[in-house]
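Enquirer: The structure is given below, and queries will be raised subsequently.
The values are calculated or read from the model by the stated rules, or taken from the named source; none is laboratory data. Not measured: the values here are computed from a predicted model. Note that we place each Cβ from the backbone using ideal geometry, even for glycine, and neighbour counts take in every protein chain shown.
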Amino acid sequence: MSLDLPVWRSLMYVPVNVEKYVDKAHTRGADCIQLDLEDSVPPAEKERARTLVEKAAARVKRGGADVIVRINRPLSLTVRDLEHSITPDVNGIACTKIDSASHVKLLDELVSELEEKRGMTVGHTKFITMIETADAFGRIDEIPRASTRVIAMNIGGEDFALDCDMQPDDDVLLHPKQRMIIAARAAGVMPLGFIGTIAGFGDWEKFRQMVRRSRRFGFDGAGCIHPGQVTIVNEEYSPSSEEVAYARKIIDLDKEAAKSGRGSFALDGTMIDIPIIVRAQKLIKRHEAIKQREAKTLSAMKS
């Protein structure tokens, strides 16, 4: 699957039924705002909450962020949530508790019908597929390939650990999250999340180190439940200035080596060959995409 993937380093959760959070969401600097209809909205509020999505989406994207809506299971709630969430200002749906490729295809069909009904381009609405059960984990390779709408995948750590009767800590979730990253990359979609937990934000330096470690494992972005997490996640899920400078040096030296008919060369006592050169090229591409995202955000905030 070859997709043009967005830059979604930080995806900040905003309960759509809490006005003070919706009102401030566009000022937080998140790449993506996740309007939540699921866990942060109590059952008695869900019916009202879904009616707020369309207007809230237009408001929260004023700062240049993309907008995702996290919807509910079971299917009866899913359908009602989608009926209020498929609008031009919503870029995608966070599909909770995905079971299988068939489940993704069913949602694709529902969304296509709603897009056609509303005069939208079919395919406008993208999917994040959320793996939250042991049963779904067994189909982790087929799920992200089920629809071209799927551009990202994650593991809902708390729900997944609950379903597996395990503790949701770093060591326990390390293997399933690594497995998810590999499945996402094989399918050409973004792996989202942290190696650690999203819940802790009392110690900001500890949180930063956790995010930095998570990027090493290959995550592209992650959900944020507190505005203070957004800046740290944006910084740590971006290449540093030192990394960018080193990558550019590798690319320049590779061009020089190619003129001499060489495919590898030494730099600072390290042999530089094709995999390292390609990694440098990918890092620069990521850096440039982030700069474009940041320019869009700056322009939106000024207007």
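Enquirer: What's the number of the only condition in (1) small (Gly, Ala, Ser); (2) under 18 Å from the mean Cα position of the chain (by Cα); (3) part of a helix (DSSP H, G or I) that residue 258 fails to meet?
Expert: Only one criterion is unmet by residue 258, namely (2).
Enquirer: I'd like the residue in the range 25-65 that is out of contact with any helix residue (DSSP H, G or I) (no Cβ under 8 Å at 6 or more places or on another chain) and in contact (Cβ under 8 Å) with a residue 60 or more places away in the chain and, out of all such residues, is farthest from residue 293 (Cα to Cα).
Expert: Restricting to residues being out of contact with any helix residue (DSSP H, G or I) (no Cβ under 8 Å at 6 or more places or on another chain) and in contact (Cβ under 8 Å) with a residue 60 or more places away in the chain, the top hit is 34.
Matching residues to (1) closer than 26 Å to residue 286 by Cα; (2) surrounded by fewer than 22 Cβ atoms within 10 Å (Cβ to Cβ); (3) of a type in the set (Asp, Glu):
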| residue | (1), (2), (3) |
| --- | --- |
| 13 | yes, no, no |
| 21 | no, yes, no |
| 28 | yes, yes, no |
| 34 | yes, no, no |
| 39 | no, yes, yes |
| 45 | no, yes, yes |
| 49 | no, no, no |
| 67 | yes, no, no |
| 73 | no, yes, no |
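A quick yes/no check of all residues on (1) assigned to a helix (DSSP H, G or I); (2) not small (Gly, Ala, Ser):
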{"position": "262", "(1), (2)": "no, yes"}
{"position": "266", "(1), (2)": "no, no"}
{"position": "271", "(1), (2)": "no, yes"}
{"position": "276", "(1), (2)": "yes, yes"}
{"position": "283", "(1), (2)": "yes, yes"}
{"position": "286", "(1), (2)": "yes, yes"}
{"position": "289", "(1), (2)": "yes, no"}
{"position": "295", "(1), (2)": "yes, no"}
{"position": "301", "(1), (2)": "yes, yes"}
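Enquirer: Please enumerate the residues belonging to the range 154-186 that are more than 22 Å from residue 207 (Cα to Cα) and not in a helix (DSSP H, G or I).
Expert: 164, 165, 166
Enquirer: Still on this structure, please answer the following. Looking at the structure I just gave you, is residue 77 surrounded by 15 or more Cβ atoms within 10 Å (Cβ to Cβ), in contact (Cβ under 8 Å) with a residue 12 or more places away in the chain and within 22 Å of the chain's Cα centre (by Cα)?
Expert: When the stated conditions are applied, residue 77 does not pass them.
Enquirer: Answer yes or no as to whether residue 299 is over 22 Å from residue 152 (Cα atoms), among the hydroxyl-bearing types (Ser, Thr, Tyr) and touching a residue at least 60 places away in the same chain (Cβ under 8 Å).
Expert: yes
Enquirer: Test residue 121 against the criterion of being assigned by TED's automatic domain parsing to the domain that holds residue 224 and within 25 Å of residue 47 (Cβ to Cβ), and give yes or no.
Expert: Taking the combined requirement at face value, the residue does not satisfy it.
Enquirer: Hey, any hits in the range 98-108 for a residue that's in contact (Cβ under 8 Å) with a residue 12 or more places away in the chain, hydroxyl-bearing (Ser, Thr, Tyr) and closer than 24 Å to residue 226 by Cβ?
Expert: no
Enquirer: If you take the residues of the range 137-195 that are among the polar types (S, T, N, Q) and more than 24 Å from residue 225 (Cβ to Cβ), which of them is surrounded by the most Cβ atoms within 10 Å (Cβ to Cβ)?
Expert: Per the stated criteria, the residue is 147.
Enquirer: Would you mind stating whether residue 212 is within 26 Å of residue 153 (Cβ to Cβ), touching an Asp or Glu at 6+ places or on another chain (Cβ under 9 Å), assigned by TED's automatic domain parsing to the domain that holds residue 152 and touching a residue at least 24 places away in the same chain (Cβ under 8 Å)?
Expert: When the stated conditions are applied, residue 212 passes them.
Enquirer: Given the range 36-130, what helices (runs of 4 or more DSSP H) lie entirely inside it while holding 1 or more residues that are in contact with a His (Cβ under 8 Å, 6 or more places away or on another chain) and either more than 28 Å from residue 158 (Cα to Cα) or not hydrophobic (A, V, I, L, M, F, W, C) (or both)?
Expert: Hits in the range 36-130: 46-50, 53-60, 101-117.
Enquirer: What's the number of the condition residue 42 fails, among (1) out of contact with any strand residue (DSSP E or B) (no Cβ under 6 Å at 6 or more places or on another chain); (2) closer than 21 Å to residue 149 by Cα?
Expert: (2)
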